Each structure stands twice: as C-alpha cells, then as structure tokens.
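Q: Here it is, the structure in full.
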Amino acid sequence: MLNRLTRRSFARLAAAAALTPALPNALAAPREENVSPASPLLSFPRGFLWGSATASYQVEGAAKEDGRGPSIWDTFSHLRGNTKNGDTGDVADDHYHLYKTDIALMKDLGLKTYRFSTSWSRVFPNGTGTPNPKGLDFYNRLVDGLLAAGIQPYCTLFHWDLPQALQDQGGWQSRDTAHAYANYAGYVAQHLSDRVQHFMTLNEMRSFVDLGYGNGMHAPGLRLSRADLNQVRHHAVLAHGLGVQAIRANARPGTKVGLAENITCTVPVIETPEHVRAAHIAMREENAGYLTVIMEGKYTDLYLARQGADAPKFTPEDLKAIGSPIDFVGINCYTPEYVRASSAPAGYAMVPAPESFPHMLSPWLRTGPEALYWAPKIAASVWNIKEIYITENGASSSDTLTPDGAVYDTDRVMYLRNYLTQLHRAVSEGVPVRGYFLWSLLDNFEWADGYAYRFGIHYVDFATQKRTPKLSAHFYRQVIARNALA
Ligand code: NOJ
C-alpha cells in the first residue's frame with residue numbers, strides 16, 4: 001500500500017514539475033523519531049567534479065543536417081543485421097536540436113561538468129580539406145550554453161564516428177588517418193580552447209579497434225588478422241600522440257590534454273600483497289598496446305614478445321610522438337579483471353570470470369565495484385599520474401516506465417552506490433581522482449545494441465523525445481548536492 005502511494009505521489013510530482021520531479025514526501029523527509037541514525041556521510045574532497053558523459057553519434061541525430069558528412073557508423077548501422085532491430089543514430093536523442101533541454105536537465109542535476117564529443121564529419125565532412133563552419137557552430141552553441149549554465153565542458157575529439165570518406169581510403173589501417181586526425185583535433189582545439197580547458201584525444205581505443213577491426217561487431221565491421229589489427233592499434237595510439245602535439249600547437253596556453261581509455265581494470269583476486277603486486281604488473285602488460293605505450297613511449301618487451309612476428313611496425317619517431325606528455329588520464333571503468341600472482345615468467349595470471357558472475361543488462365557488464373578503487377589507484381602508482389578522471393562509469397538496465405510515469409531503476413542506484421563507495425575509498429587514500437563522469441545523461445544509441453540497452457539516468461521515450469529523470473537521477477542529484485554518498 002505504502003509502495004503504491006509512494007509510486008503514485010512520485011509520479012504526480014514528476015508530472016507537475018517537467019524537469020525536476022521532487023522525491024515523494026515519504027522518501028524525502030522521514031520523521032526523525034522514526035528512523036535509525038544515519039551512518040556518517042562519505043564525503044568527497046571540496047571541488048570534486050561531478051559530471052556526466054555522452055558521445056556525438058549516440059545522442060545527436062540530425063545525421064544529414066547542416067552539411068554533416070557520413071561517418072562509418074551511418075554506413076554500418078544502415079546495413080542489415082549490424083545492429084539490434086536495425087537501429088541507427090539518424091535521430092537518436094535529437095540532441096542536436098534539443099541541446100538546450102538537455103543542458104537544463106544537467107543544471108537541474110547540479111552537474112559541475114559535462115563530457116561530450118565532437119563529430120569529426122560534422123566539422124570536416126570529408127575528414128580532411130575544407131571545414132564546415134556550421135558543424136563547429138553547433139559545438140560553439142553547446143559550449144556557450146554549458147558555460148552559461150555554470151557547467152564546465154570536457155571535450156572528446158573522437159568517439160568512434162570516423163568520417164566515411166577516410167574509411168574509403170583505408171580508415172585506421174592507414175597511417176594517413178592518424179595525420180588527418182591530428183589536423184582535425186588541432187582545428188577544433190584552436191576554435192574551442194578559449195572556452196574549453198580539457199580535451200580528450202580519443203575515446204576507448206581498445207573498443208573501436210578490437211570491435212571494429214577485430215571481431216567486426218562495430219563499424220566498420222572488419223575482421224583483420226592479428227598483425228593487421230596490431231597495426232591499426234598502432235595507428236590509433238599514433239593518432240593520440242600526434243593529436244596531443246596538434247592540440248598543444250593550436251590551443252590556448254593552459255589547455256589540458258588527456259584521453260579516455262577503457263583500460264583493463266586489474267583487481268587483485270584477494271587483497272594480499274602478492275596478488276596486489278601481480279595486479280600492478282598486469283596493469284602494465286594488459287594495457288601494453290594502449291595506455292602503457294602512451295605513458296611510457298615504448299612497447300613493453302613482453303608485449304613485443306607475445307605478438308612475435310605480428311608485432312606492429314613502428315619508428316622511434318612514432319614512439320616519441322605516442323609518448324608525448326599528457327596532463328591527465330581518463331579511465332572508463334565498468335568491469336573488473338581479476339588477477340592472481342603466478343610463478344610464470346610474467347609474474348601474474350588473469351582469472352577468468354565464472355559464468356555466474358553478476359552483470360547488468362549488457363552481458364559484458366560484469367559488476368565489480370572494487371574496479372573503481374583499484375584501477376585508478378594502481379594506474380596512479382604505476383605511472384605516477386597526478387590527475388585522473390573517471391571519464392565513464394554506469395550501467396545498463398531494463399528500465400521500464402511505470403503506468404504513472406516513473407522509472408525505478410533500483411539496480412542502477414545499487415550499482416552506482418557500490419561503485420561510488422569504492423571510488424570514495426580511493427579518493428580518501430589520496431588517489432588523485434578529480435572527477436567522475438556518469439555514463440550516461442540520457443538513454444541513447446548503444447552501438448550494435450541499438451536502443452535496447454538503456455544506460456541513461458534520464459529515460460528517453462524515443463517516439464516523443466520526452467526525457468524523464470529516473471530514480472538514479474534523483475540519487476545522483478543528492479550525491480552532487482551533498483558532495484557525498486549518503
Ligand atoms: C563505452 C563507450 O565509450 C560508450 O560509447 C558506450 O555507450 C558505453 N561504454 C557503454 O557501453
């Protein structure tokens with residue numbers, strides 16, 4: 001009964017306040033004498049940056065507007081059988097037109113920062129050559145709107161939507177793409193860095209390389225040999241390095257450059273010194289093709305030995321560019337990879353997850369909150385990193401709108417509470433995590449999974465584009481307001 005009343009009043013309030021449904025009274029203001037004393041709040045450091053993230057192709061829509069050129073995701077998603085239900089990003093969240101509504105949602109949450117990505121083929125419809133001023137204009141409007149709302153923009157320069165024109169010339173299999181990327185990155189940084197202080201070069205190299213060129217599940221849907229795949233991987237880290245240099249050469253002094261990588265989040269299988277040590281070794285070796293070569297400017301001996309004749313071809317100049325110093329590291333952190341000590345020469349072994357391991361709706365999203373403690377802690381110690389952001393963390397759920405218009409995503413709230421508790425553990429030990437970007441602000445186009453797996457803390461009705469804050473949005477608003485976990 002109480003449950004029904006609570007639900008009804010929640011929905012009534014939600015309907016009354018278009019953007020800010022208040023919590024039902026029964027939940028928001030318990031009578032003091034009836035409740036057990038709360039445990040102390042888990043407070044975060046003053047100025048901790050609470051944010052949320054999205055990406056161009058996943059939210060913008062307006063695929064053919066204002067001179068935007070096609071990207072590999074337009075091509076891929078329009079080919080039968082590549083995405084669930086044949087879904088495409090043609091309209092997505094229509095954020096291109098509704099960005100003001102979305103900034104209002106962010107403001108309502110109390111977000112301090114917002115991570116978005118620029119669409120390369122909006123800015124350079126053919127990947128290179130003459131820029132399209134209308135493309136950049138959109139990001140100018142977005143950035144201005146964010147700043148007017150008191151929200152710091154964090155800009156990702158590549159979130160997988162490679163211009164199709166470049167794919168037609170070999171895509172990431174060609175070194176030229178790394179140079180074209182640097183040109184584009186420098187151009188955007190030059191025009192936005194008067195208002196954007198933080199740029200991320202590439203998002204999740206591991207994903208777009210391994211899924212796009214390895215197993216064909218993502219655009220452009222290729223299945224390359226191990227040697228060719230390693231070369232693509234090398235071109236991706238090279239693009240990062242050349243991008244860092246181009247941003248530094250073109251942006252305002254003081255601009256900070258980093259990346260957002262889904263590193264293998266190594267977690268000691270048991271928290272004892274030998275397994276903790278093994279998790280440190282594994283952090284370097286399991287990320288050798290991506291973050292390690294970027295942080296160290298060289299491939300590890302073990303990586304080269306493991307790849308053997310399939311190792312990438314590179315020059316010393318490549319490595320110098322790849323190792324260009326960066327100002328911060330962004331970690332996209334979802335699932336833990338457990339590591340144990342081993343007497344094998346590598347000094348560690350990965351422990352495969354049993355089939356019964358709990359996961360969210362996406363089968364790959366195994367839940368291990370302690371990843372958010374160990375990943376930044378180990379990365380900071382291995383590479384002496386002084387500024388870390390969790391550039392993504394979040395959960396897919398089978399969210400449904402109740403008849404009275406609410407979404408009780410209790411599983412996502414549970415997930416966030418547990419992960420943030422572990423992040424708090426890291427931050428309280430002095431691990432230099434400066435901010436956290438929840439993936440995602442809105443339900444959106446989840447790549448090959450289409451719109452079936454929802455990651456937003458706002459429910460999107462894709463037929464009407466109506467946004468509804470889920471229970472997790474209310475939870476996150478409280479976290480931000482108190483700068484603490486309750
Ligand atoms: C990683 C990607 O960066 C993002 O685009 C994706 O939607 C989320 N993780 C969830 O899969």
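Q: If you check every pair at least six apart or on different chains, which have Cβ atoms under 6 Å apart with a residue in the stretch 44-58 that is farther than 17 Å from Ala486 by Cα and away from the ligand (no atom under 16 Å from the Cβ) first and a residue that is polar (S, T, N, Q) and in a loop (DSSP other than H, G, I, E, B) second?
A: none
Q: Taking the stated definitions as given, is Phe138 assigned to a strand (DSSP E or B), touching a residue at least 40 places away in the same chain (Cβ under 8 Å) and of a type in the set (A, V, I, L, M, F, W, C)?
A: Values: assigned to a strand (DSSP E or B): no; touching a residue at least 40 places away in the same chain (Cβ under 8 Å): yes; of a type in the set (A, V, I, L, M, F, W, C): yes.
For Phe138, the condition - assigned to a strand (DSSP E or B), touching a residue at least 40 places away in the same chain (Cβ under 8 Å) and of a type in the set (A, V, I, L, M, F, W, C) - is not met.
Q: Would you check if there is a residue in the stretch 55-64 being surrounded by fewer than 19 Cβ atoms within 10 Å (Cβ to Cβ) and over 19 Å from Tyr459 (Cβ atoms)? Step through it out loud before you land on a result.
A: Let us first name the residues in the stretch 55-64 that are surrounded by fewer than 19 Cβ atoms within 10 Å (Cβ to Cβ), namely 62, 64.
Keeping just the survivors that are over 19 Å from Tyr459 (Cβ atoms) gives 62, 64.
Within the stretch 55-64, one or more residues are surrounded by fewer than 19 Cβ atoms within 10 Å (Cβ to Cβ) and over 19 Å from Tyr459 (Cβ atoms).
Q: Could you please find all residues in the stretch 445-472 being over 20 Å from Tyr419 (Cβ atoms) and within 11 Å of the ligand (Cβ to nearest atom)?
A: Phe445, Trp447, Ala448, Asp449
Q: Please find, within the stretch 419-444, the residue that is nearest to Leu211 (Cα to Cα) out of those that are within 13 Å of the ligand (Cβ to nearest atom) and part of a strand (DSSP E or B).
A: Of all residues in the stretch 419-444, those within 13 Å of the ligand (Cβ to nearest atom) come to 437-444.
Imposing the further condition that a residue be part of a strand (DSSP E or B) reduces the set to 437-439.
Details: Phe437: 23, Leu438: 23, Trp439: 20 Å.
Per the stated criteria, the residue is Trp439.
Q: Shifting gears a bit: Within the stretch 383-396, can one find any residue that is outside any loop (DSSP other than H, G, I, E, B), of a type in the set (Ser, Thr, Tyr), in contact (Cβ under 8 Å) with a residue 12 or more places away in the chain and within 14 Å of the ligand (Cβ to nearest atom)?
A: Here is the first cut: in the stretch 383-396, the ones outside any loop (DSSP other than H, G, I, E, B) are 383, 388-393.
Cutting the leftovers down to of a type in the set (Ser, Thr, Tyr) gives us 389, 391.
Next, from what is left, pick out any that are in contact (Cβ under 8 Å) with a residue 12 or more places away in the chain: 389, 391.
Next cut, within 14 Å of the ligand (Cβ to nearest atom) only: 389, 391.
Yes.
Rundown of residues vs (1) in contact with a His (Cβ under 8 Å, 6 or more places away or on another chain); (2) surrounded by fewer than 17 Cβ atoms within 10 Å (Cβ to Cβ); (3) at pLDDT below 95, yes/no style:
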residue: Gln173; (1), (2), (3): yes, no, no
residue: Asp176; (1), (2), (3): no, yes, no
residue: Tyr181; (1), (2), (3): no, no, no
residue: Tyr184; (1), (2), (3): no, no, no
residue: Tyr187; (1), (2), (3): no, no, no
residue: Gln190; (1), (2), (3): no, yes, no
residue: Asp194; (1), (2), (3): no, yes, no
residue: Thr201; (1), (2), (3): yes, no, no
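Q: Separate question: Take Val143 and decide whether it is touching a helix residue (DSSP H, G or I) at 6+ places or on another chain (Cβ under 8 Å), over 16 Å from His235 (Cα atoms) and buried (at least 23 other Cβ atoms within 10 Å of the Cβ).
A: Details: touching a helix residue (DSSP H, G or I) at 6+ places or on another chain (Cβ under 8 Å): yes; over 16 Å from His235 (Cα atoms): yes; buried (at least 23 other Cβ atoms within 10 Å of the Cβ): no.
So Val143 fails the test.
Q: Let me ask you something else. When you go through Ala346, Ala380 one by one, which is the residue that is of a type outside the set (Ser, Thr, Tyr) and either within 15 Å of the ligand (Cβ to nearest atom) or in a helix (DSSP H, G or I) (or both)? So that I can check it myself, show each step before the final result.
A: Values: Ala346 fails: either within 15 Å of the ligand (Cβ to nearest atom) or in a helix (DSSP H, G or I) (or both).
Going through Ala346, Ala380 in turn, just one is of a type outside the set (Ser, Thr, Tyr) and either within 15 Å of the ligand (Cβ to nearest atom) or in a helix (DSSP H, G or I) (or both): Ala380.
Q: Starting from residues that are small (Gly, Ala, Ser) and without any contact (Cβ under 8 Å) to a residue 60 or more places away in the chain, keep the ones in the stretch 61-85 and report whichever is farthest from Phe138 (Cα to Cα). I'd like the intermediate steps shown before the answer.
A: First, the residues of the stretch 61-85 that are small (Gly, Ala, Ser): 61-63, 67, 69, 71, 77, 81.
Those still in the list that are without any contact (Cβ under 8 Å) to a residue 60 or more places away in the chain too: 61-63, 81.
Details: Gly61: 13, Ala62: 11, Ala63: 13, Gly81: 32 Å.
Per the criteria, the residue is Gly81.
Q: Moving on to the next point. Filtering the stretch 290-328 down to residues that are part of a helix (DSSP H, G or I) and touching a His at 6+ places or on another chain (Cβ under 8 Å), which residue is surrounded by the most Cβ atoms within 10 Å (Cβ to Cβ)? Even if it seems obvious, please write down each step before you answer.
A: Applying the first criterion (part of a helix (DSSP H, G or I)) to the stretch 290-328 yields 290-296, 301-310, 316-322.
Narrowing the set further to residues that are touching a His at 6+ places or on another chain (Cβ under 8 Å) leaves 294, 318, 322.
On the way: Ile294: 23, Asp318: 21, Ile322: 25.
Per the criteria, the residue is Ile322.
Q: Ok, one more. Quick one: Val244 ticks every box in (1) in contact (Cβ under 8 Å) with a residue 60 or more places away in the chain; (2) among the hydrophobic types (A, V, I, L, M, F, W, C); (3) surrounded by fewer than 22 Cβ atoms within 10 Å (Cβ to Cβ) except a single one, so which number is it?
A: (3)
Q: Out of all the residues in the stretch 105-134, which are in contact with an Asp or Glu (Cβ under 7 Å, 6 or more places away or on another chain) and more than 16 Å from the ligand (Cβ to nearest atom)? Spell out how you get there, then give the answer.
A: In the first step, residues of the stretch 105-134 are kept if they are in contact with an Asp or Glu (Cβ under 7 Å, 6 or more places away or on another chain); the result is 119-121, 134.
Ser121, Lys134, listed by residue number.
Q: Among the residues of the stretch 448-474 satisfying the criterion of being in a helix (DSSP H, G or I) and over 20 Å from the mean Cα position of the chain (by Cα), which is farthest from Leu401 (Cα to Cα)?
A: Taking the stretch 448-474 first, the residues in a helix (DSSP H, G or I) are 448-449, 471-474.
Next, only the ones that are over 20 Å from the mean Cα position of the chain (by Cα) stay: 471, 474.
Details: Leu471: 11, His474: 15 Å.
That would be His474.
Q: Then there is this: Can you name the number of the only condition in (1) more than 16 Å from the ligand (Cβ to nearest atom); (2) crowded, with 24+ Cβ neighbours inside 10 Å; (3) charged (D, E, K, R) that Arg252 fails?
A: (2)
Q: Of Ile326, Ile270, which residue is at pLDDT 95 or above, more than 26 Å from Leu224 (Cβ to Cβ) and in contact with a Leu (Cβ under 8 Å, 6 or more places away or on another chain)? Let's see the steps before the verdict.
A: Details: Ile270 fails: in contact with a Leu (Cβ under 8 Å, 6 or more places away or on another chain).
After applying the criteria, what remains is Ile326.
Q: Across the stretch 37-53, what is the number of residues that are part of a loop (DSSP other than H, G, I, E, B) and modelled with pLDDT of 75 or more?
A: Taking the stretch 37-53 first, the residues part of a loop (DSSP other than H, G, I, E, B) are 37-41, 44-48.
Next cut, modelled with pLDDT of 75 or more only: 39-41, 44-48.
Qualifying residue count for the region: 8.
Q: Taking the condition within 16 Å of the ligand (Cβ to nearest atom) and touching a helix residue (DSSP H, G or I) at 6+ places or on another chain (Cβ under 8 Å), does Pro369 pass? So that I can check it myself, show each step before the final result.
A: Details: within 16 Å of the ligand (Cβ to nearest atom): no; touching a helix residue (DSSP H, G or I) at 6+ places or on another chain (Cβ under 8 Å): yes.
No.
The values are calculated or read from the model by the stated rules, or taken from the named source; none is laboratory data. From a predicted model like this one, the values you see are computed outputs, not experimental measurements. Quick reminder, even Gly has a Cβ in these numbers, built from the backbone with ideal geometry, and neighbours come from all protein chains shown.
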